[in-house]
Structure formats: structure tokens, C-alpha cells
1. Scan the helices (runs of 4 or more DSSP H) fully inside the stretch 102-209 and keep the ones with 2 or more residues being outside the structural domain of residue 38 (by TED's automatic domain parsing) and crowded, with 23+ Cβ neighbours inside 10 Å.
2. Whether any residue in the stretch 38-52 is in contact (Cβ under 8 Å) with a residue 40 or more places away in the chain and closer than 23 Å to residue 236 by Cα is what I want to check.
3. Taking residue 86 as meeting all but one of (1) surrounded by 17 or more Cβ atoms within 10 Å (Cβ to Cβ); (2) farther than 30 Å from residue 187 by Cβ; (3) free of Cβ contacts under 8 Å to residues at least 40 places away in the same chain, write down the number of the exception.
4. Need the failing condition index for residue 64 against (1) assigned by TED's automatic domain parsing to the domain that holds residue 26; (2) surrounded by fewer than 21 Cβ atoms within 10 Å (Cβ to Cβ), just the number.
5. Out of 229, 221, which single residue is loosely packed, with under 12 Cβ neighbours inside 10 Å and part of a loop (DSSP other than H, G, I, E, B)?
6. Can you tell me which residue within the stretch 31-48, out of those that are in a strand (DSSP E or B) and in contact with a helix residue (DSSP H, G or I) (Cβ under 8 Å, 6 or more places away or on another chain), is surrounded by the fewest Cβ atoms within 10 Å (Cβ to Cβ)?
7. Any residue at all in the stretch 67-78 that's within 23 Å of residue 219 (Cβ to Cβ), under 16 Å from the mean Cα position of the chain (by Cα) and either surrounded by 16 or more Cβ atoms within 10 Å (Cβ to Cβ) or outside the structural domain of residue 126 (by TED's automatic domain parsing) (or both)?
């Protein structure tokens, strides 16, 4: 079991309380499909809390930390299919009123767990997720800049297509064994993410390695409209 609580700083932030309540709602709606299973949630003298079933396999970040080079190509092909399938399930979540229009908002290696066979993926940490009933946030950037879509780095609201970009950038880290964006300061990294296309001509060549790698390239288009329309479209293309 894993328990999530707010930090002492977050306890003073109403937005953080709202975010963890929303995360409990979304985890309940998803019922453990592509996300951890929520066991219980509530509030006590120490603030709000979530208790979730522990995901039984490592995050991509953990795999990269223990690897000595790029992850094996056939494993990444399978993991790409599984990861986009998990994202499609998240985006397609519903409740009694219909589609929830969920956007994860912070897909990164630390928030993507994949099993040893590369056939099952789980998306972690819905603390920055947006959905149908959630109030719009201000334009301040939230998330992991190294993997964020350009439009999100510019302060635009996250969308399905920005999640596709973030997932593709996350998987690209496994392909290249390197973070594709760097900056000497947070401001430099923000500018890099917003304005500089992540794909060099050399990186585009990874599309030749297989359909999963081609999907990664397609989802890394700098212009959101040039990316696939949905994670389900990517899954169908990889079927």
C-alpha cells in the first residue's frame, strides 16, 4: 500500500487540497484501469490523504537509472503500445454523466510504470490532471519541463495532444538514454521547451526502427495540430 499526503507547504495551499480531492475522484472513476487502484481516501488532522495499491513494477525513471544504455528496442516497441493504451484508457474515462475529458498533465518517466515484459503500463500521480468539472488553472507552468509539450510550456492549458507529446518525449528518453531538452537555468529550459522543436533530423530516423518508434516521432510534432488526434488513434495504428 502507498499513502499520499500533502507536504507542509501544500497544506497551506487551497489548490493543493483541491488537486488531491480531484485525484481521489479520478482514481475512483478509473477503478485501477491504467492507474493505481484507490483503496481509501479521507481527511484527518494532518490533512487529506489517499491510500493506493502499490504498482508491482518499476517506473521508467527507475529502469533508466539502473540501465547502462538505451533500453532494448523490442521491449520499447511493446512498452510504447502498452503506454499509449494506458493513456487512451485515461482519456476515455467516464462517469454517469458521460466522458470525463481527463488530461494527465504531467506524463514523465517518474509517472509511468511498465512491467518487465513491456505489456502493461500504469500512469501515476494525477495531481496535475484536468477533467470536465475541474476549474481552469492560471497560465503558470506546472509539470516536468523536460517532457512538456511546447504549448504547455508557453502557458496554454494541457490537452489530449499535449499528453501525447509528453508520453512520446518520455519514451524517447528510453530510446536515446538521454534527456532531449536541457537548460542551464529553469528559464532557459522553459524557453527551450516552448520554442525549440525536440526532434532533430537525426532523431527523426528512429521512426525506421519499428511502428512504436514511428508513433513516438509522430507525437513529438512541435505543432499540436500535427500530432495524432488521440491516444486511441495511436493504439489503433499500432495494432
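The values are calculated or read from the model by the stated rules, or taken from the named source; none is laboratory data. Just so you know, these numbers come straight off a predicted model, no measurement behind them. Neighbour counts run over all protein chains shown; Cβ positions are idealised from the backbone, glycine included.
1. Hits in the stretch 102-209: 160-176.
2. Keep residues of the stretch 38-52 that are in contact (Cβ under 8 Å) with a residue 40 or more places away in the chain, which gives 46-52.
From what is left, the residues that are closer than 23 Å to residue 236 by Cα are none.
So far as the stretch 38-52 goes, no, none of its residues is in contact (Cβ under 8 Å) with a residue 40 or more places away in the chain and closer than 23 Å to residue 236 by Cα.
3. (3)
4. Condition not satisfied by residue 64: (1).
5. 229
6. Taking the stretch 31-48 and keeping what is in a strand (DSSP E or B), we get 38-44, 47-48.
Retained after the next criterion (residues that are in contact with a helix residue (DSSP H, G or I) (Cβ under 8 Å, 6 or more places away or on another chain)): 38, 41, 47-48.
On the way: 38: 20, 41: 18, 47: 15, 48: 21.
Applying the filter and picking the extreme gives 47.
7. No, every residue in the stretch 67-78 fails to be within 23 Å of residue 219 (Cβ to Cβ), under 16 Å from the mean Cα position of the chain (by Cα) and either surrounded by 16 or more Cβ atoms within 10 Å (Cβ to Cβ) or outside the structural domain of residue 126 (by TED's automatic domain parsing) (or both).
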